[in-house]
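K.L.:
Structure in C-alpha cells, see below.
The values are calculated or read from the model by the stated rules, or taken from the named source; none is laboratory data. What you are looking at is a predicted structure, and each value in this text was computed from that prediction instead of being measured. Heads up, the Cβs are rebuilt from the backbone with ideal geometry, glycines too, and the neighbour counts pull from every protein chain shown. Side chains included, ligands, DNA and RNA excluded: accessible areas come from the protein's heavy atoms. Shrake-Rupley method; radii C 1.70, N 1.55, O 1.52, S 1.80 Å.
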Amino acid sequence: LKICLKKENTMSQIDVILKEKVENLGAEADVIKVRRGYANNFLIPTGKAFEATKGNLKQIESLKKARAIRESDELESATKLANRLNKQRLKFELATGQGGKAFGSVTTKDIQNSLAETDRQFRDIDRKQIDLKKPIKRTGDFDVDIKIHPDVTATLKLKVSAVVTDQKGQDGQDRSDS
C-alpha cells in the first residue's frame, strides 16, 4: 500500500525549467520538480517555465547567461542603494507625557514612509526589509539594518527625540478624552 502511494506521488510531479525568477521557487535556468497541475495550469501558460525535455535542457546556457547579467545588475543597484542609505539619517519625534512615558512608537511602517518622503529611490524599500525587532518606544540614537538584497545590508541611523505633550488644559481639567 505504501509503495502505491509513493509511486502515485512521484507521478504527479514534473520537471520544469524556469524562464524567469519565481518567488519561493527559483530563478532562471533552475530545473525544479513541481506538481503537474501547477506546471500545466500556471507556470507553462504564463510563460514562467517550460517542460524539461532533452531539447529544452540544451537551452539552459542562454538562460544562465541572462540570469548572471540580471543578478549582477541587481547586486550593483543594491550596493548603490545601500551606500545612500548608510549616509541617510532620519529624525522622529515621540510624544511623551510628564513622566517621560512615550505615547506611540516608531515602527517599520513609519520608517518606510519617512524614507519614501526623503528620496524617490527609497520608495521601493518594503517594510519587511527593515529589520526592527520591536517598535522603538524610547528616545535616543538607533541603528536599523535594512536587507536590500540577500548579499547587501544597509544600516540606517535614526534619531528619536521627545516632544512633551501636556494632557491637562489651563484650568487643570483633564482633556485627554475630549
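K.L.:
Leaving out ligands, DNA and RNA, and with a 1.4 Å probe, what % of the accessible surface on the chain is carbon or sulfur?
P.N.:
48 percent
K.L.:
Using θ = phi - 60° and the Karplus curve 6.51 cos²θ - 1.76 cosθ + 1.60, what whole-Hz ³J(HN,Hα) does each residue of the range 35-40 get, with Gly and Pro shown as x?
P.N.:
Each residue of the range 35-40 in turn: 5, 4, x, 5, 5, 6 Hz.
K.L.:
I would also like to ask the following. May I ask you to evaluate 6.51 cos²θ - 1.76 cosθ + 1.60, the Karplus curve with θ = phi - 60°, for each residue of the range 50-57 and list the ³J(HN,Hα) values in order in whole Hz, giving x for glycine and proline?
P.N.:
9, 5, 7, 9, 4, x, 6, 5
K.L.:
Same structure, new question: Looking at the chain, send over the antiparallel percent of its DSSP beta bridges, to the nearest 5.
P.N.:
Of the beta bridges lying entirely in the chain, close to 75 percent run antiparallel.
K.L.:
Could you give the length gained by full extension between THR107 and LYS48, i.e. 0.36 nm per residue of separation minus their alpha carbon distance, to one decimal place?
P.N.:
17.6 nm
K.L.:
Still on this structure, I have one more. If exposed means no more than 16 neighbouring beta carbons inside 10 Å and the site is in a DSSP loop, what's the longest run of the chain without any exposed GluC sites (Glu not before Pro)?
P.N.:
24-178
K.L.:
Given the options PHE92, PHE122, PHE103, which has the most mean-square fluctuation in a GNM of the chain, springs set between C-alpha atoms less than 10 angstrom apart?
P.N.:
PHE103
K.L.:
A further question on this structure: As a test of reading the structure, rank THR46, THR96 by solvent-accessible area (1.4 Å probe, protein chains only), most first.
P.N.:
In descending accessible area the options line up as THR46, THR96.
K.L.:
Please compute the contact order of the range 13-87 in relative form: average sequence separation of alpha-carbon pairs under 8 Å and at least six residues apart, divided by the residue count, as a percent.
P.N.:
Values: 81 pairs, mean separation 22.4, N = 75.
Answer for the range 13-87 is 30 percent.
K.L.:
Just going by the charge dipole of the range 41-120, with Lys and Arg at +1 and Asp and Glu at -1 on Cβ, which of THR118, PHE103, GLN88 is farthest out on the positive end?
P.N.:
GLN88
K.L.:
GNM, the chain, Cα, under 10 Å: largest mean-square fluctuation among VAL160, VAL106, VAL34?
P.N.:
Top of the fluctuation ranking is VAL34.
K.L.:
Taking the full set of protein chains and a 1.4 angstrom probe, give the accessible area of THR79 in square angstrom, rounded to the nearest 10.
P.N.:
Taking all protein chains as shown, THR79 has close to 60 Å².
K.L.:
Out of the trypsin sites (Lys or Arg not before Pro) in the range 45-110, which ones are loop residues according to DSSP with at most 11 other C-beta atoms within 10 Å?
P.N.:
LYS58, LYS101
K.L.:
My understanding is that a pair violates if its Cα-Cα distance is over 24 Å; which of LYS21/LYS147; LYS19/LYS80; LYS48/LYS133; LYS64/LYS87 do that in this structure?
P.N.:
Over 24 Å Cα-Cα: LYS19/LYS80; LYS48/LYS133; LYS64/LYS87.
K.L.:
Apply the a/c threshold of 1.5 to the C-alpha gyration tensor of the chain and tell me whether it is rounded, prolate or oblate.
P.N.:
Prolate, because a/c is 1.5 or more and a/b exceeds b/c.
K.L.:
Enter the accessible area per residue of the range 36-81 (Å², integer; probe 1.4 Å; all protein chains in place). Can you show the working numbers first?
P.N.:
Details: 3160 Å² over 46 residues.
Ligands and nucleic acids excluded, the result is 69 Å² per residue.
K.L.:
Enumerate the amide H contacts of PHE92 below 5 Å, restricted to partners 5 or more residues apart or on another chain; note that Pro and chain-start residues carry no placed amide H.
P.N.:
Here the answer is LYS159, VAL160, SER161, since their amide H atoms fall under 5 Å of that of PHE92.
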